Amino acid sequence: MLNPLTGLRRIITWFGQDISAKGRAIIVSGLLIFSLTMVFIAYKINDYFENDPKACFACHVHDDANKQWARSEHANINCHECHHSTK
């Protein structure tokens, strides 16, 4: 039977004993950079869908409504300030 804790113990042992301090620093630095990059990308994707009116047009077609919005006094606010705001 597969025991996931056995695999975790092997990884911890490998990381703690079989890798030099320089190797551990490289691995930890790489994981940290990767994690921060993923957080930044997730933030940018969320910001795009929350604040860019062009994101709505990926699924919704409302050309006339968009033209009227662009000419109205509401043109300086984005869609989510009125529609489905999560803030």
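Every number in this text was worked out from the coordinates using simple rules, so none of it is lab data. Just so it is clear, the structure is predicted and the values come from calculations on it, not from any experiment. Glycine gets a Cβ as well: all are built from the backbone with ideal geometry, and neighbour counts include every protein chain shown.
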One residue is enough: does the stretch 69-79 have a residue meeting the conditions surrounded by 10 or more Cβ atoms within 10 Å (Cβ to Cβ) and among the basic types (Lys, Arg)?
no
Looking only at helices (runs of 4 or more DSSP H) that fall completely inside the stretch 1-71, which ones have 1 or more residues that are over 30 Å from residue 81 (Cβ atoms)?
4-17, 21-51
